[in-house]
Amino acid sequence: MTRRRLLSGAGLVLACLLALPAWAQGWPVRPVRIIVPFAPGGGVDTVARLLAQKLGEQTGVPFIVDNRPGGGGVAGTTLVSKTAGDGYTLLVSAPEFSINPGMRAKLPYDPLKDFTFVSQLTEGQFVLAAHPSVPVKTVGQLITLAKQHPGKLNYGSSGTGGINHLAGALFQSMAGIRWTHVPFKGAGPSTAALLGGEIEFVIASTTGLLEPVRAGRLRGIALTGLGRFSELPDVPTIAESGVPGYNVSGWYGLYGPAGVPVEIVQRLHAESRRALTQTDTASRLVRTGNTPVVSAPEEFAAFIRTEIDKWIRVIKAEGIAQAE
């Protein structure tokens, strides 16, 4: 009796293991939700929607972007961490995923254990932009004005503890100035505030600022990375404009909750690579300042570990207070 039960149990386990690939190969058979933990209109939202459109076309199943802003990306990220690892809820996030472990005394999830890493999607940089009414056209003029009026100039970001916030804090430290950070619930709202003249500056992705800067509705002062952006050839980098060594880059990545079967991860990775390396998609990304980067899942996981360590060091060095 015991032997028969053991054999029966072993047979059931084997059957389940053999059935898993067939089930996974059938993915997706219903709509897939992509959580973006930031407001619509920012760079991560733009890239997520482009990816969702392509994945939907390739698989024949809708991929639906669901914006869940709040807490610097924590709200939407937490939501994904609590869902089933069946491949039908995904996360597209920004550097805040690796920043929040250093910014938050407590997180409702473990950034390394509660997620399945699929791939880095893109890398890019940000623009320091000004409202046209501000008498500043260069980094040097900004530094001079900020020193004349310490704490009086405001720069907006996508939220406290976000990459845009830290980019401004790092600039403050390296340039020897003092200006005031004004957090918003996403890059889109911060850009809208700048367009409306509510703040003087913003640091946001090239994706969201390209068209307003081109149209003259905003003034591009400098780029945060080490190289210039082909779509804004006259905008220099901060590093070449009097703050040598300054460098902040951005990236977007694709995740699932923990436990997504490896077959689904492989399929999702392959479909993402196919989507982002198509000529039309790649050219659209490049035009917005994003270079496609489709890394292997294990490479992406190692990258995230490195990024978490890096931002913890920066947050401590800059004395940025942790949130609860």
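The values are calculated or read from the model by the stated rules, or taken from the named source; none is laboratory data. Computed from a predicted structure; not experimentally measured. Methodologically, a virtual Cβ is constructed for each residue, glycine included, from the backbone with ideal geometry; neighbour enumeration extends over all protein chains shown.
For the reader, a short list of remarks on this structure follows.
- Hits in the range 269-290 (condition: surrounded by 14 or more Cβ atoms within 10 Å (Cβ to Cβ) and not aliphatic (A, V, I, L, M)): 269, 271, 272, 273, 274, 278, 281, 284, 287, 288, 289, 290
- Checking residue 123 against (1) among the acidic types (Asp, Glu); (2) under 21 Å from residue 248 (Cβ atoms); (3) modelled with pLDDT of 95 or more, the condition it does not meet: (3)
A quick yes/no check of all residues on (1) at pLDDT below 95; (2) assigned to a loop (DSSP other than H, G, I, E, B); (3) surrounded by fewer than 20 Cβ atoms within 10 Å (Cβ to Cβ):
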site: 44; (1), (2), (3): yes, no, no
site: 47; (1), (2), (3): yes, no, no
site: 61; (1), (2), (3): no, yes, yes
site: 78; (1), (2), (3): no, no, yes
site: 84; (1), (2), (3): no, yes, yes
site: 116; (1), (2), (3): no, no, no
site: 141; (1), (2), (3): no, no, yes
site: 147; (1), (2), (3): no, no, yes
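- Some residue of the range 263-280 being at pLDDT below 95, part of a loop (DSSP other than H, G, I, E, B) and not charged (D, E, K, R): yes
- Among the numbered conditions (1) hydrophobic (A, V, I, L, M, F, W, C); (2) over 22 Å from residue 249 (Cβ atoms); (3) touching a helix residue (DSSP H, G or I) at 6+ places or on another chain (Cβ under 7 Å); (4) free of Cβ contacts under 8 Å to residues at least 40 places away in the same chain, the only one that residue 146 does not meet is (3).
- Residue 28 being touching a Phe, Trp or Tyr at 6+ places or on another chain (Cβ under 8 Å), farther than 30 Å from residue 226 by Cα and part of a loop (DSSP other than H, G, I, E, B): yes
- Each residue in the range 161-192 was checked for being on the phi > 0 side of the Ramachandran plot and out of contact with any Phe, Trp or Tyr (no Cβ under 6 Å at 6 or more places or on another chain), and 2 of them qualify.
- Residues in the range 175-197 that are of a type outside the set (Val, Ile, Thr) and within 24 Å of the chain's Cα centre (by Cα): 13 in all.
- Residues in the range 183-214 that are β-branched (Val, Ile, Thr) and modelled with pLDDT of 95 or more: 199, 202, 213.
- One residue from 133, 205, 119 being assigned by TED's automatic domain parsing to the domain that holds residue 289, farther than 16 Å from residue 236 by Cβ and touching a residue at least 40 places away in the same chain (Cβ under 8 Å): 119
- Options 39, 19; residue that is modelled with pLDDT under 60 and either surrounded by 10 or more Cβ atoms within 10 Å (Cβ to Cβ) or under 13 Å from residue 91 (Cβ atoms) (or both): 19
- Residue among 160, 224, 206, 237 that alone is under 24 Å from residue 310 (Cβ atoms) and either among the acidic types (Asp, Glu) or touching a Lys or Arg at 6+ places or on another chain (Cβ under 7 Å) (or both): 237
- Condition met for residue 228 (surrounded by fewer than 22 Cβ atoms within 10 Å (Cβ to Cβ), in contact (Cβ under 8 Å) with a residue 40 or more places away in the chain and closer than 24 Å to residue 41 by Cα): no
- Residue satisfying condition, being assigned by TED's automatic domain parsing to the domain that holds residue 178, within 25 Å of residue 191 (Cβ to Cβ) and surrounded by fewer than 20 Cβ atoms within 10 Å (Cβ to Cβ), within set 156, 70, 151: 151
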